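Structure, as structure tokens:
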Amino acid sequence: MLLLAVDTATPAVTVALHDGTSVVAEARQIDARRHGELLLPAVDRVLAEAGLDLAAVTDLVVGVGPGPYTGLRVGLVTAATFGSVLGVPVHGLCSLDGLAYASGIEEPFVVATDARRKEVYWARYDDFRTRAGDPGVDRPADIAGELSGLPVVGQGAVLYPEAFPAALGPEHQSAGALASLAAEKLAAGSPFLPPTPLYLRRPDAQVPKNYKVVTPQ
């Protein structure tokens with residue numbers, strides 16, 4: 001088994017290889033505006049570090065979000081393309097689950113990432129392997145009371161300390177953690193999400209509602 005994991009749902013452009021036992025190689029760069037430029041070079045770096053060729057990959061793992069539209073689709077399209085070319089399965093995982101897994105926390109906590117528009121994507125967890133409900137998107141002040149007393153992992157806690165005073169690491173996503181979680185799920189025969197985007201809200205760009213009609217003379 002050789003898993004190639006990618007995630008671009010957050011400002012972290014992150015890639016990892018996992019051999020079913022441990023992470024073989026990993027790359028991560030934090031840049032919210034250059035997902036498309038950074039992802040493929042990161043894939044090349046982890047393959048070179050591991051001394052492997054892309055053809056050796058047996059499974060693709062991709063973070064499906066929630067995340068902003070533009071960045072998220074870079075990872076999803078790349079994973080889908082690799083899966084089609086290689087003829088291997090593409091497994092989707094909630095990106096928040098990767099951050100939760102990386103935390104290693106064994107008591108109730110929250111993962112919150114930056115959703116822009118002064119909002120966060122968030123989910124509650126019973127422990128680092130178990131999400132307690134579906135992800136949501138809200139203003140931090142609107143959920144601060146509900147989550148009071150719980151540790152909060154992720155960039156959302158760093159950006160909004162007044163709402164999330166109990167901030168813990170990690171702040172950014174790790175494809176290595178996402179790959180490790182996927183390896184556990186594959187070994188256990190657990191289901192994955194489809195490799196389709198989990199947006200939770202509409203993109204900023206909208207089709208104009210009223211077109212100006214131009215009639216030929």
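Does segment 94-109 hold any residues that are open to solvent by 10 Å² or more (accessible area, probe 1.4 Å) and either within 12 Å of the chain's Cα centre (by Cα) or not β-branched (Val, Ile, Thr) (or both), and which are they? Hits for segment 94-109 are 97, 101, 102, 103, 104, 106, 107, 108.
Among all positions in segment 55-65, there is at least one residue which is outside any strand (DSSP E or B), within 19 Å of residue 181 (Cα to Cα) and in contact (Cβ under 8 Å) with a residue 60 or more places away in the chain.
Residue count for segment 148-185 under the criterion of being out of contact with any helix residue (DSSP H, G or I) (no Cβ under 8 Å at 6 or more places or on another chain), open to solvent by less than 10 Å² (accessible area, probe 1.4 Å) and under 17 Å from residue 115 (Cβ atoms): the result is 2. Considering segment 114-147, the residues that are open to solvent by less than 50 Å² (accessible area, probe 1.4 Å) and hydroxyl-bearing (Ser, Thr, Tyr) include one that is farthest from residue 66 (Cα to Cα), namely 125.
Remark: pairs (first residue in segment 75-98, free of Cβ contacts under 8 Å to residues at least 60 places away in the same chain; second residue open to solvent by 30 Å² or more (accessible area, probe 1.4 Å); Cβ separation under 6 Å; 6+ apart in sequence or on different chains) = 88/58.
Within segment 9-38, count every residue that is surrounded by 24 or more Cβ atoms within 10 Å (Cβ to Cβ) and either among the acidic types (Asp, Glu) or not in a strand (DSSP E or B) (or both). Count: 3. In this structure, is residue 54 touching a helix residue (DSSP H, G or I) at 6+ places or on another chain (Cβ under 7 Å) and surrounded by fewer than 17 Cβ atoms within 10 Å (Cβ to Cβ)? Yes.
The single condition among (1) within 16 Å of residue 175 (Cα to Cα); (2) out of contact with any Phe, Trp or Tyr (no Cβ under 6 Å at 6 or more places or on another chain); (3) not aliphatic (A, V, I, L, M) that residue 82 does not meet is (1).
Listed conditions (1) open to solvent by less than 60 Å² (accessible area, probe 1.4 Å); (2) of a type in the set (Phe, Trp, Tyr); (3) under 17 Å from residue 34 (Cα atoms) are all met by residue 69, apart from (1).
The values are calculated or read from the model by the stated rules, or taken from the named source; none is laboratory data. Here the structure is a predicted model, which is why all the values come from computation and not from measurement. Note that we place each Cβ from the backbone using ideal geometry, even for glycine, and neighbour counts take in every protein chain shown. The area values use the complete protein model at the heavy-atom level, side chains included, leaving out ligands, DNA and RNA. Shrake-Rupley method; radii C 1.70, N 1.55, O 1.52, S 1.80 Å.
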